[in-house]
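Student: This is the structure I have questions about; it appears just below.
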Amino acid sequence: MSGYRSPLLARPGAVEGGGPDAGVALHYGDPVHEQRALERGAGVVDLSHLDVVTVSGPDRITWLNTLSTQLLLDLAPGEPRELLLLDPQGRIEHAAGVQDDGERAWLITDAGRAGALTAFLESMRFMLRVEVRDVSAEVAVLGTCGSGWETLADGPGYRLTWRDPWPRTGAGSTRYGPPDDEHPGHAVARAFTVVDRPALVAAVDAATQLRLAGTWAWEALRVEAWRPRLAREVDERSIPHELDWLRTGVHLAKGCYRGQETVARVVNLGRPPRRLVLLHLDGSDHVVPEPGAPVHHAGRAVGVVTSVVRHADLGPLALALVKRSLPVDAPLDVDGTAAAQEVIVPAGGEAVARPAERPGQELRRHLPR
């Protein structure tokens, strides 16, 4: 929604965010304690700038199944899954959390993406019995961690909650990063609750047990969890393998979809051109790099920063896409700031485990000293 400003920006201490998080609060005056509240399941984040699309009609599930990377034919009402829509070369065009309520499928996607997503889906309707609607103006999204969503489920305007499957490797999927129970993201379960937009403020006010937090804290936990985001980590070249997004967004045996050949070829050959890393940034300077800043090694550009956050415990962190050939212990520089990488996708580029082919292997996590 162009020009959107959340009514919750009127709350004391609210500071508006920017970039893909414009229109909602970056923080409410105390991002450290806001992050602490989220971590213990006692916080709620205004994500009302995110977009929501619904697909109704008797053919909705089979239709979305043919278009997306995800197997949806066995999708039960209330079950959360994640899907990607790729271009013919296997590059990521859209990403969404999907959940069916028995009458319609709800797609939660990033801010400002509903128009393009709706247009693509409309172009693929043909004669099928489906109806696609951008309902972003009718509903709003709130974010919680842990069991915080249960409080919202009892409140005004509640529609549904999509519980993020990250980093749980789905059936028929594979991973390029650590096993699920060793992954940094396993400790923070995020949830996206959809409420009627007119009830947004009332839903927050009714959740008296939850502290209002900003996207500063929300993004800090996302980056710590190595969780890719459409508006940050995806560029015109991104394929799911580079971001370890196969683990929750792709089913490797579901059948044909646009871009499938690239997905299968890279899994089989094990050579995505780039890999995602977590960068621990030198925190001695009060200035941190911006997303889009080049990553250098020995004076040469080797990648680009996609997300930058200030974490309450870990200090300044970034996600970056770097060349696959970059050594895992290479000293890095980002706009004059020293950076050390923690590996998310291994330098070799091979899937750590493939369904029904080989057991999971421990990924070597290397943080240079």
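The values are calculated or read from the model by the stated rules, or taken from the named source; none is laboratory data. Bear in mind the structure is a predicted one, so any value in this text is a computation, not a measurement. All Cβ positions, glycine included, derive from the backbone under ideal geometry; neighbour counts span all protein chains shown. In case anyone asks, the SASA skips ligands and DNA or RNA and just uses the protein heavy atoms, side chains included. Shrake-Rupley method; radii C 1.70, N 1.55, O 1.52, S 1.80 Å.
Student: If we keep just the residues of the stretch 226-262 that are of a type in the set (Gly, Ala, Ser) and open to solvent by 10 Å² or more (accessible area, probe 1.4 Å), which is modelled with the lowest pLDDT? Full working, then the answer.
Tutor: Looking only at the stretch 226-262, we keep the residues that are of a type in the set (Gly, Ala, Ser), and these are 231, 238, 249, 253, 255, 259.
Imposing the further condition that a residue be open to solvent by 10 Å² or more (accessible area, probe 1.4 Å) reduces the set to 231, 253, 255.
Numbers: ALA231: 98, ALA253: 93, GLY255: 88.
Among them, the one singled out is GLY255.
Student: Is it true that some residue in the stretch 158-167 is farther than 27 Å from GLY270 by Cβ, in contact with a Leu (Cβ under 8 Å, 6 or more places away or on another chain) and surrounded by 19 or more Cβ atoms within 10 Å (Cβ to Cβ)?
Tutor: yes
Student: Please state which one of VAL295, VAL302 is modelled with pLDDT of 95 or more, farther than 14 Å from LEU84 by Cβ and in contact with an Asp or Glu (Cβ under 8 Å, 6 or more places away or on another chain).
Tutor: VAL295
Student: So, one more: Six or more apart or on different chains, Cβ under 8 Å: which pairs go from a residue in the stretch 21-38 that's at positive phi to one that's assigned to a strand (DSSP E or B) and surrounded by fewer than 17 Cβ atoms within 10 Å (Cβ to Cβ)? Could you list them?
Tutor: GLY23/GLU16; GLY29/VAL15
Student: Any chance you could count how many residues in the stretch 263-288 are more than 19 Å from GLY348 (Cβ to Cβ) and either at pLDDT 95 or above or among the basic types (Lys, Arg) (or both)?
Tutor: Selection size over the stretch 263-288: 3.
Student: Against the conditions (1) surrounded by fewer than 18 Cβ atoms within 10 Å (Cβ to Cβ); (2) at pLDDT 95 or above, where does LEU128 fall short? Just the number, please.
Tutor: The single condition LEU128 does not satisfy is (2).
Student: Test ARG211 against the criterion of being farther than 23 Å from LEU72 by Cβ and in contact with a His (Cβ under 9 Å, 6 or more places away or on another chain), and give yes or no.
Tutor: Answer is yes for this residue.
Student: Checking LEU38 against (1) hydrophobic (A, V, I, L, M, F, W, C); (2) farther than 30 Å from GLU103 by Cβ; (3) assigned to a loop (DSSP other than H, G, I, E, B), which single condition isn't satisfied?
Tutor: (3)
Student: Further, regarding this structure: If you check LEU9, LEU50, which single one turns out to be within 30 Å of ASP313 (Cβ to Cβ), in contact (Cβ under 8 Å) with a residue 60 or more places away in the chain and not aromatic (Phe, Trp, Tyr)?
Tutor: LEU50
Student: Examine the stretch 349-356 for a residue that is out of contact with any Gly (no Cβ under 9 Å at 6 or more places or on another chain), surrounded by fewer than 19 Cβ atoms within 10 Å (Cβ to Cβ), part of a loop (DSSP other than H, G, I, E, B) and in contact (Cβ under 8 Å) with a residue 24 or more places away in the chain, and state whether such a residue exists.
Tutor: Scanning the stretch 349-356, I find at least one residue that is out of contact with any Gly (no Cβ under 9 Å at 6 or more places or on another chain), surrounded by fewer than 19 Cβ atoms within 10 Å (Cβ to Cβ), part of a loop (DSSP other than H, G, I, E, B) and in contact (Cβ under 8 Å) with a residue 24 or more places away in the chain, so the answer is yes.
Student: For the stretch 213-225, give me each residue that is open to solvent by 30 Å² or more (accessible area, probe 1.4 Å) and over 24 Å from ASP181 (Cβ atoms).
Tutor: Residue satisfying the conditions is TRP216 alone.
Student: For the stretch 274-310, how many residues meet the condition of being open to solvent by less than 20 Å² (accessible area, probe 1.4 Å) and either more than 16 Å from GLN341 (Cα to Cα) or without any contact (Cβ under 8 Å) to a residue 24 or more places away in the chain (or both)?
Tutor: Number of matching residues: 0.
Student: Follow-up. For the stretch 15-46, what are the residues that are open to solvent by less than 50 Å² (accessible area, probe 1.4 Å), among the small types (Gly, Ala, Ser) and more than 19 Å from GLU224 (Cα to Cα)?
Tutor: Passing the criteria: GLY17, GLY18, ALA22, GLY23, ALA25.
Student: Can you give me the number of residues within the stretch 61-80 that are surrounded by fewer than 22 Cβ atoms within 10 Å (Cβ to Cβ) and out of contact with any Phe, Trp or Tyr (no Cβ under 6 Å at 6 or more places or on another chain)?
Tutor: 13
Student: Continuing with this model, one more query. Identify all residues within the stretch 1-53 that are closer than 20 Å to LEU107 by Cα, under 17 Å from the mean Cα position of the chain (by Cα) and of a type outside the set (Asp, Glu); write none if there are none.
Tutor: PRO20, VAL45, LEU47, SER48, HIS49, LEU50, VAL52, VAL53 - these are the residues of the stretch 1-53 that are closer than 20 Å to LEU107 by Cα, under 17 Å from the mean Cα position of the chain (by Cα) and of a type outside the set (Asp, Glu).
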